[in-house]
Amino acid sequence: MMGEMHVPARSRARKTTAKTADTVATVVLWALALVCLAVLGSIIGYILVKGLAVVFDPKFILGKPQAINAGGGILPFLLSSIYLTLLTMVIIMPIGVGAAIYMAEFAGESRITRLVRFGADSLATVPSIVFGLFGLALFVVAFGMGPCLMAGALTLALLNLPAVMRTSEEALRAVPASYREASLGLGASRWQTIRKVVLPSAVPGITTGGILTIGRILGESAALVFTMPLFATKAPTSLFSGGAAIAPNLWYTLTEAITPDAQRIAQGEAAALVILILALNLVARFLAHRYQARQGMVG
Amino acid sequence: MTRRDAAAVAKPALNSEWIVRKTLFVFAMTTVLGIILVIFFVARESIPALRQVGWSNIFLSATWNPNVSNPATGHYGLLVPLAGTLAATLGGIIIGGPLAIGTAIFLTQIAPPRTGKLVVRGIELLAGIPSVIFGWIGLVVLVPMLARVTNTQGYGILAASFILGIMIIPTVTTIAKDALETVPEEYKQASFGMGATRWQTIYKVILPSAKEGLLVALILGIGRAIGETMAVQLVIGNARQFPNSLTSVTSTLTSRIVTDMGESTGAFRSALFVQGLVLLIMAMVIILLIRLVTRKTVKAA
């Protein structure tokens, strides 16, 4: 009888502990997520608070860099970053999207596709500083380019190739099979179908991936420290001339620069980078949103 | 149209399609060619150091004392940066792992839709912040803060761990979230139906069935932390000795490479490529680990 009395009491106790544990876990999980948000918020907040005043000073954004004196600007760095982004994208988009078309449209599941995927996974996992070493050994030294725009762009192209390939392949695979069947049924060839039907439908997805890649190119520094100059007073005038991009120059400013206002330049550069990346994120989201709205209409 | 006419029209299309196909194949193979070239060139540049300084003086030595004027006579032991890399990575996972996995659980099991969306957006933004900016904030905010609290200079493993912990959150959370989302809804319903609380369901049903995916998320986070360079270089102190506390200066493989490359020549430079080679091997081990974990899942399924 004692035992029978005991069971409900114990099970009630167990139920209460379970309820307490559930409440505690819920509170802890909320707290963890809010900590993540708070960390992000304070990082962005700090960058903008410290940097906005600097970055919107025309003398800073449109000025010439100074190696020794205070009061330097960052226009050549900005231009270098833009040129670098353009050149890298020109190299990477045809190859990345082409490779994605091959993987999504032509190759089935074979030894070749497994090999390509292994190559892409490997490239995606190799640290960017190792790409920097590779770029130094191959482009800068073996090809004799020296640290320049082209050496940086080629290095970044290889670094970002897996990401462009993956997002493009996902976009291509998201195009409904019925589109392809309809086009093939009308007598179009495989390539015509891809060019006129599949690719246009995948353009928004490919574009979103491309914009995120631009963000990564703008922020990359480890792969560029050995392949491009860290400081230059002029923007590059040709594909094989020097020029320093903003992100690697920010690292240089923090470690090696001797200008008395290095702190101010770092604040301005950090803010400029974050503003550019925030803007790119907004554009990518806007495009994805519009694309979804359009898809909703079709479906 | 006669049959011959049809063939005449079809043939050029077939030919150009063959060319297109082969061109796209070559594009796809650039990934394979790329990784082969990376391995080849980093390995090739490592050979002079291994020849002139010797394997044991590099892999079994903790003395880093380069000789700039006569590089072959310097000491290039990599045990200190290797230990620094492992310690900072471990610290990063200890700090960032629970935050990231916890956030993923929150997003898939608890979050109200709007809060969830906000957190996802936040994590996407966090992923976009350049690593040199994390380093800058570490340098001007975190290091002085740690210096005050611990009464040291603030540089070292602890500072690097905090920065890495934050930086791995997007990688780990995104993949962990995907893994948790693949757990079938019926599992959850069955558990609730038996009277389990939400936490019991998460702990006893959802986490065990997403185990492999969560492991992959953490392994990729480790890979990210091992290779992180600029952020770590700015806060670790880049000293040549083993750390004797969490807040004493040391170096990592990546920070050593970036700090010393500028003044290096000959065997000195080559020794830095050896450290790059070690990073490359670590990346390959990460990939193999992930394949091992996911293969097991495929077999089980």
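Can you name the residue in the range B:16-54 that is surrounded by fewer than 17 Cβ atoms within 10 Å (Cβ to Cβ) and over 30 Å from residue A:118 (Cα atoms) and is also farthest from the other protein chains (Cβ to nearest Cβ) among such residues?
B:54
Which residue out of A:82, A:43, A:68, A:101 is touching a residue at least 12 places away in the same chain (Cβ under 8 Å) and either assigned to a helix (DSSP H, G or I) or among the charged types (D, E, K, R) (or both)?
Details: A:82 fails: touching a residue at least 12 places away in the same chain (Cβ under 8 Å); A:43 fails: touching a residue at least 12 places away in the same chain (Cβ under 8 Å); A:68 fails: either assigned to a helix (DSSP H, G or I) or among the charged types (D, E, K, R) (or both).
From the options A:82, A:43, A:68, A:101, the qualifying one is A:101.
As an exercise: evaluate residue A:258 against (1) in contact with a Gly (Cβ under 7 Å, 6 or more places away or on another chain); (2) not in a helix (DSSP H, G or I) and give the number of the one condition it does not meet.
Among (1) in contact with a Gly (Cβ under 7 Å, 6 or more places away or on another chain); (2) not in a helix (DSSP H, G or I), residue A:258 violates only (1).
List pairs: first residue in the range B:120-148 and facing chain A (nearest Cβ under 8 Å), second residue of a type in the set (Phe, Trp, Tyr) anywhere in the structure, Cβ distance under 7 angstrom, at least six positions apart or on different chains.
B:132/A:251; B:137/A:46; B:141/A:46
Being out of contact with any Leu (no Cβ under 9 Å at 6 or more places or on another chain), surrounded by fewer than 21 Cβ atoms within 10 Å (Cβ to Cβ) and away from every other protein chain (no Cβ under 14 Å), is that true of even one residue in the range A:220-231?
Scanning the range A:220-231, I find no residue that is out of contact with any Leu (no Cβ under 9 Å at 6 or more places or on another chain), surrounded by fewer than 21 Cβ atoms within 10 Å (Cβ to Cβ) and away from every other protein chain (no Cβ under 14 Å), so the answer is no.
So, of the residues in the range B:74-119 that are over 17 Å from the mean Cα position of the chain (by Cα) and within 22 Å of residue B:277 (Cβ to Cβ), which turns out to be farthest from the other protein chains (Cβ to nearest Cβ)?
The selected residue is B:75.
From the list B:137, B:110, B:105, exactly one residue is surrounded by 24 or more Cβ atoms within 10 Å (Cβ to Cβ) and of a type outside the set (S, T, N, Q). Which is it? Spell out how you get there, then give the answer.
Details: B:137 fails: surrounded by 24 or more Cβ atoms within 10 Å (Cβ to Cβ); B:110 fails: surrounded by 24 or more Cβ atoms within 10 Å (Cβ to Cβ).
When all the criteria are applied, what remains is B:105.
How many residues does the range B:197-247 contain that are within 20 Å of the chain's Cα centre (by Cα), away from chain A (no Cβ under 14 Å) and within 17 Å of residue B:159 (Cβ to Cβ)?
0
Between A:216, A:195, A:173, which is closer than 27 Å to residue B:15 by Cβ and either in contact with a strand residue (DSSP E or B) (Cβ under 9 Å, 6 or more places away or on another chain) or basic (Lys, Arg) (or both)?
On the way: A:216 fails: closer than 27 Å to residue B:15 by Cβ; A:173 fails: closer than 27 Å to residue B:15 by Cβ.
Answer to the selection: A:195.
Identify, from the list B:97, B:92, the residue that is farther than 22 Å from residue B:234 by Cα and outside any loop (DSSP other than H, G, I, E, B).
Working: B:92 fails: farther than 22 Å from residue B:234 by Cα.
The unique qualifying residue is B:97.
Report, by residue number, each residue of the range B:248-262 that is under 23 Å from residue B:86 (Cα atoms) and within 14 Å of another protein chain (Cβ to nearest Cβ). If you could, list the steps in order and put the result at the bottom.
Filtering the range B:248-262 for residues under 23 Å from residue B:86 (Cα atoms) gives B:248-261.
Those that are under 23 Å from residue B:86 (Cα atoms) and within 14 Å of another protein chain (Cβ to nearest Cβ): B:251, B:252, B:253, B:254, B:255, B:256, B:257, B:258, B:259, B:260, B:261.
Of the conditions (1) under 15 Å from residue A:216 (Cα atoms); (2) more than 10 Å from chain B (Cβ to nearest Cβ), residue A:162 clears all except one; give me its number.
(2)
Considering each residue of the range A:42-74, count those that are aliphatic (A, V, I, L, M) and in contact with a helix residue (DSSP H, G or I) (Cβ under 7 Å, 6 or more places away or on another chain), and give that number. Steps first, answer last, please.
Residues of the range A:42-74 that are aliphatic (A, V, I, L, M), as a first pass: A:43-44, A:47-49, A:52-55, A:61-62, A:67-68, A:70, A:74.
With in contact with a helix residue (DSSP H, G or I) (Cβ under 7 Å, 6 or more places away or on another chain) added as a condition, the list becomes A:43-44, A:47-48, A:52, A:54-55, A:61-62, A:74.
Residues in the range A:42-74 being aliphatic (A, V, I, L, M) and in contact with a helix residue (DSSP H, G or I) (Cβ under 7 Å, 6 or more places away or on another chain): 10 in total.
Kindly check whether there is at least one residue in the range B:237-246 that is crowded, with 22+ Cβ neighbours inside 10 Å and at pLDDT 95 or above.
Checked the range B:237-246: no residue is crowded, with 22+ Cβ neighbours inside 10 Å and at pLDDT 95 or above.
Here are some residues: A:217, A:211. Which one is within 14 Å of chain B (Cβ to nearest Cβ), surrounded by fewer than 24 Cβ atoms within 10 Å (Cβ to Cβ) and closer than 21 Å to residue A:155 by Cβ? Spell out how you get there, then give the answer.
Numbers: A:217 fails: surrounded by fewer than 24 Cβ atoms within 10 Å (Cβ to Cβ).
Residue meeting the stated conditions: A:211.
Do we find a residue being touching a helix residue (DSSP H, G or I) at 6+ places or on another chain (Cβ under 7 Å), part of a helix (DSSP H, G or I), within 24 Å of residue B:287 (Cβ to Cβ) and within 11 Å of another protein chain (Cβ to nearest Cβ) anywhere in the range B:153-165?
Within the range B:153-165, one or more residues are touching a helix residue (DSSP H, G or I) at 6+ places or on another chain (Cβ under 7 Å), part of a helix (DSSP H, G or I), within 24 Å of residue B:287 (Cβ to Cβ) and within 11 Å of another protein chain (Cβ to nearest Cβ).
I need a count of the residues in the range A:263-274 that are away from chain B (no Cβ under 11 Å) and surrounded by fewer than 22 Cβ atoms within 10 Å (Cβ to Cβ).
The total comes to 1.
Could you please let me know if residue B:265 is within 14 Å of chain A (Cβ to nearest Cβ), surrounded by 24 or more Cβ atoms within 10 Å (Cβ to Cβ), within 25 Å of residue A:256 (Cα to Cα) and of a type in the set (Ser, Thr, Tyr)? I'd like the intermediate steps shown before the answer.
Working: within 14 Å of chain A (Cβ to nearest Cβ): yes; surrounded by 24 or more Cβ atoms within 10 Å (Cβ to Cβ): no; within 25 Å of residue A:256 (Cα to Cα): yes; of a type in the set (Ser, Thr, Tyr): yes.
Against the criterion (within 14 Å of chain A (Cβ to nearest Cβ), surrounded by 24 or more Cβ atoms within 10 Å (Cβ to Cβ), within 25 Å of residue A:256 (Cα to Cα) and of a type in the set (Ser, Thr, Tyr)), residue B:265 does not qualify.
For the range A:168-190, name all the residues that are touching a Ser or Thr at 6+ places or on another chain (Cβ under 7 Å) and either part of a helix (DSSP H, G or I) or closer than 30 Å to residue A:134 by Cβ (or both).
So the first thing to find is which residues in the range A:168-190 are touching a Ser or Thr at 6+ places or on another chain (Cβ under 7 Å), and the list is A:175, A:179-180, A:183-184.
A:179, A:180, A:183, A:184 - these are the residues of the range A:168-190 that are touching a Ser or Thr at 6+ places or on another chain (Cβ under 7 Å) and either part of a helix (DSSP H, G or I) or closer than 30 Å to residue A:134 by Cβ (or both).
Just to be sure, is residue A:187 on the phi > 0 side of the Ramachandran plot and either at pLDDT below 95 or touching an Asp or Glu at 6+ places or on another chain (Cβ under 8 Å) (or both)? Even if it seems obvious, please write down each step before you answer.
On the way: on the phi > 0 side of the Ramachandran plot: yes; either at pLDDT below 95 or touching an Asp or Glu at 6+ places or on another chain (Cβ under 8 Å) (or both): yes.
Answer is yes for this residue.
Limited to the range A:106-147, what total is found for residues that are in a loop (DSSP other than H, G, I, E, B), at negative phi and more than 7 Å from chain B (Cβ to nearest Cβ)? It would help to see each step written out before you state the result.
Of all residues in the range A:106-147, those in a loop (DSSP other than H, G, I, E, B) come to A:107-110, A:126-127, A:143-147.
If we keep only those that are at negative phi too, we end up with A:107-110, A:126-127, A:143, A:145, A:147.
Now drop any that are not more than 7 Å from chain B (Cβ to nearest Cβ), which leaves A:107-110, A:143, A:145, A:147.
Within the range A:106-147, residues that are in a loop (DSSP other than H, G, I, E, B), at negative phi and more than 7 Å from chain B (Cβ to nearest Cβ) number 7.
Restricting the range A:17-47 to residues that are buried (at least 17 other Cβ atoms within 10 Å of the Cβ) and farther than 30 Å from residue B:132 by Cα, which is farthest from the other protein chains (Cβ to nearest Cβ)?
Going through the qualifying residues, I end up with A:26.
Failed condition for residue A:155, given (1) within 11 Å of another protein chain (Cβ to nearest Cβ); (2) polar (S, T, N, Q); (3) farther than 20 Å from residue A:242 by Cβ, with all others met?
All conditions pass for residue A:155, except number (3).
Report, by residue number, each residue of the range B:199-234 that is more than 27 Å from residue B:293 (Cβ to Cβ) and either surrounded by fewer than 24 Cβ atoms within 10 Å (Cβ to Cβ) or in contact with a Leu (Cβ under 6 Å, 6 or more places away or on another chain) (or both).
B:234
The values are calculated or read from the model by the stated rules, or taken from the named source; none is laboratory data. This is a predicted model, so every value here is computed, not measured. Here Cβ is always computed from backbone atoms with ideal geometry, including for glycine, and neighbour counts include all displayed protein chains.
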